[in-house]
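A quick write-up on the structure given underneath.
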Amino acid sequence: MSLDQREAPYLDAVLRYRETGYTPFHTPGHKLGKGAPEALRELLGDPFLQADVAMAGGVEDTRESTHLIRLAEDYAAEAWGSDRCWFLVNGSTSGIHALVLTLCGPGDEVIIPRNAHKSMLAGLIFSGAVPVYLEPQVDPLWGIPLTVSAEAAQRALGDHPAAKAIFVTSPTYNGLGSDLAAVAAAAHAAGVPFVTDQAWGPHLRFCPELPVDAMAAGADAAVVSTHKLISGITQTSVLMARAQRINLARLDSMVAMTQSTSPQVLMYASIDAARRQMATRGAELWRGAIEQARWARDELNKLPGIRCLGEEALARRGVSSFDPTRLTISSCDRGHSGYELETVLRDDYRIAVEAADPLNIVLNVTYGDAHADLEKLVAALRDYAGRRAGQAGGSGSAACTGLLARTPAFTRQVLSPREAFFAPSVALPLAACTARVSAEMVTPYPPGIPVLGPGEAVSDEIVAYLQEGARAGLKVHGPEDRTLRTLRVVA
Ligand SMILES: Cc1ncc(COP(=O)(O)O)c(C=O)c1O
């Protein structure tokens with residue numbers, strides 16, 4: 001089958017629906033904008049409201065009864081090189097849930113990176129599966145997790161022959177890629193399906209100058225967030241899979257279980273449009289973005305006290321590719337935190353970044369950025385570096401860097417995440433938690449790798465680290481009490 005990738009059947013159907021001008025006796029209640037509050041109309045505009053229908057609203061019937069959504073997904077499957085694709089309206093999060101539920105049941109082992117996205121933890125709780133962790137190293141200069149190495153994956157597959165699947169996150173948030181072909185070969189030699197969380201790589205397939213795409217490297221399934229780096233609107237993602245090692249009928253049921261039954265057609269239309277844009281013009285568009293990002297990186301690295309992560313990352317253990325369009329920028333050598341950089345860029349220069357932590361900021365560069373946008377970024381940081389030259393950093397990051405070097409190791413999984421999640425639990429003062437079993441996840445940033453997950457033994461070392469972290473103002477995600485005065489443990 002060869003489809004004409006210049007077509008966008010779902011997008012066209014939505015446009016046709018709006019142009020036809022139906023009298024709507026269907027959801028949502030604002031009735032194509034006619035009943036919408038004025039403030040909402042001002043925010044969204046009539047063209048949006050006139051196409052704000054759920055799938056049953058006339059564009060087509062239901063997923064089961066018509067072919068339109070399946071046809072658009074077939075175009076995507078061909079574009080991304082998979083047997084089957086599903087459009088998702090709850091992000092890659094729901095794709096990961098669907099994959100874990102398809103591949104693992106209660107008590108099954110699944111090999112995952114220790115710093116897997118938190119949707120993986122929910123997948124483990126839903127399914128009852130037990131994680132076997134691949135522990136990525138942390139880059140000591142940047143405080144970011146490096147990639148999972150093929151050797152570590154191979155070792156885990158050898159040590160856990162009953163594992164039902166291996167998941168790898170690639171590229172990472174900072175654009176570092178694993179050797180996916182080697183992990184795929186190791187997984188397949190062990191007879192295990194290989195899944196890539198490629199949330200940060202919806203674009204890779206479409207430009208040869210970018211790191212290799214998961215499906216091209218031999219993955220059995222992948223999720224890509226079309227809303228992160230290409231033109232899908234927020235929350236849209238695509239799940240893709242091959243039939244050889246994955247039961248596509250079961251995956252189809254799990255996708256249905258993890259999605260809304262009222263998907264917004266504009267979301268689907270935007271995935272269809274993004275796929276067409278990538279399949280027809282992706283290489284050209286991304287070559288432009290790569291050039292812009294490289295220019296900005298070179299300029300930023302000339303500024304005193306500022307550095308921007310680049311291809312030198314390829315020398316780190318396990319890192320086999322780098323996406324040059326991801327900008328990780330730091331001024332922490334001068335004690336200026338990523339939060340400080342983020343605030344200054346936002347308040348003084350009206351520049352909004354993707355993320356900030358005590359050490360770095362992260363920015364996305366895509367085909368949507370003009371050269372003037374990158375010039376504005378470089379000029380702002382040049383100005384900032386000049387203004388701050390010779391001044392000590394405000395919030396600093398030394399304590400954070402010191403803590404990083406002593407991040408405690410994984411202890412032991414006493415209960416499955418699901419057992420710990422549903423067990424009666426109690427919040428105890430942190431000092432009283434040694435030798436207890438954690439009921440929650442605790443992930444310090446940096447480096448964004450959990451020190452505890454539900455069901456894991458709490459050690460002396462972890463308590464001491466978290467106490468020191470709390471004193472140093474370490475930011476943690478996951479626990480109910482983010483001040484870390486207490487920790488929820490299994491009762
Ligand atoms: C590595 C990774 N996987 C999955 C996700 C979830 O993606 P989404 O926001 O599309 O649900 C994220 C979100 O940031 C992510 O960073």
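The values are calculated or read from the model by the stated rules, or taken from the named source; none is laboratory data. These numbers were taken from a predicted model, which means no experiment stands behind them. Note: ideal-geometry Cβ built from the backbone for every residue, glycine included; neighbour counts use all protein chains shown. The accessibility values were calculated without ligands, DNA or RNA, using every heavy atom of the protein model including side chains. Shrake-Rupley method; radii C 1.70, N 1.55, O 1.52, S 1.80 Å.
Maximal additional length on extending the residue 471-residue 333 stretch stands at 47.5 nm, based on 0.36 nm per residue less the C-alpha distance. For region 9-278, what mean projected area does the convex hull of the alpha carbons give, in nm²? Directional mean of the projected Cα hull area for region 9-278 stands at 15.5 nm². The helix-only estimate of mean residue ellipticity at 222 nm for the chain, built from DSSP H runs of length n ≥ 4 each weighted as -39500 (n - 2.57), is -11500 deg cm²/dmol after division by the residue total.
Net charge within 14 Å of residue 433 by Cβ-Cβ distance, Lys/Arg positive one each and Asp/Glu negative one each, not counting residue 433 itself? Taking every other residue near residue 433 into account, the sum is -3.
Once the Cα-Cα distance is subtracted from the 0.36 nm per residue extended length, the residue 389 to residue 483 segment shows a gain of 30.5 nm. Across region 454-491, the residues whose backbone nitrogen lies under 12 Å from the label position 7 Å along the beta-carbon direction of residue 426 are 489-491. Taking all protein chains into account, the per residue accessible area for the chain stands at 41 Å² (1.4 Å probe). Take the Cβ atoms of residue 4 and residue 249, set R0 to 35 Å, and the FRET efficiency comes out at 0.80. Beyond 24 Å between alpha-carbons counts as too far, so tell me which of 302/376; 164/475; 228/376; 34/228 fall in that bin. Violating the 24 Å Cα-Cα cut-off are 164/475; 34/228.
Region 101-115 and region 401-464 have Cα centres lying 19 Å from one another.
Using a simple spin-label model with pseudo-atoms 7 Å out from Cα toward Cβ, residue 27 and residue 412 lie 4.9 nm apart. With Cα atoms defining each centre, region 133-178 and region 187-257 are spaced 17 Å apart in the structure.
Here r is the Cβ-Cβ distance between residue 135 and residue 352 and R0 is 41 Å; the resulting FRET efficiency, rounded to 0.05, is 0.80.
Remark: region 7-152 projects, on average over all directions, an area of 13.8 nm² (convex hull of Cα atoms). Rg and Dmax of the chain, both derived from C-alpha coordinates alone, stand at 23.4, 67 Å.
Summing Lys and Arg as +1 and Asp and Glu as -1 over all other residues whose Cβ lies under 11 Å from the Cβ of residue 277 gives a net charge of +2.
Computed over region 304-351, the P(r) tail beyond 14 angstrom holds 61 percent of alpha carbon pairs. Simple spin-label estimate for residue 44 and residue 257 gives 3.1 nm between the two label positions (7 Å along the Cα-to-Cβ direction from each Cα). First compute the accessible area of region 406-490 with a 1.4 Å probe, then give the percent of it belonging to carbon and sulfur atoms. Heavy-atom surface of region 406-490 belonging to carbon and sulfur, 1.4 Å probe: 54 percent.
Under the criterion of Cα pairs below 8 Å and six or more residues apart, the relative contact order for region 406-490 equals 39 percent.
Of all DSSP beta bridges confined to the chain, the antiparallel ones make up roughly 75%. Centre-to-centre separation between the Cα atoms of region 260-284 and those of region 314-329: 28 Å.
Region 208-346 has equivalent-ellipsoid semi-axes of 34, 19, 17 Å, by the square roots of 5 times the alpha carbon gyration tensor eigenvalues, sorted largest first.
Summarising the label geometry, the points placed 7 Å from Cα in the beta-carbon direction at residue 19 and residue 70 lie 2.7 nm from one another. Taking 0.36 nm per residue of separation and subtracting the Cα-Cα distance, full extension of the segment from residue 301 to residue 491 would add 63.2 nm. Structural size metrics of region 406-490, computed from C-alpha coordinates, are Rg and Dmax of 11.3, 33 Å.
Relative to the compact-globule estimate of 2.2 N^0.38 Å, the Cα radius of gyration of region 285-397 comes out at 1.03. All other residues whose Cβ lies under 15 angstrom from that of residue 171 are scored, Lys and Arg at +1 and Asp and Glu at -1, for a net of -4.
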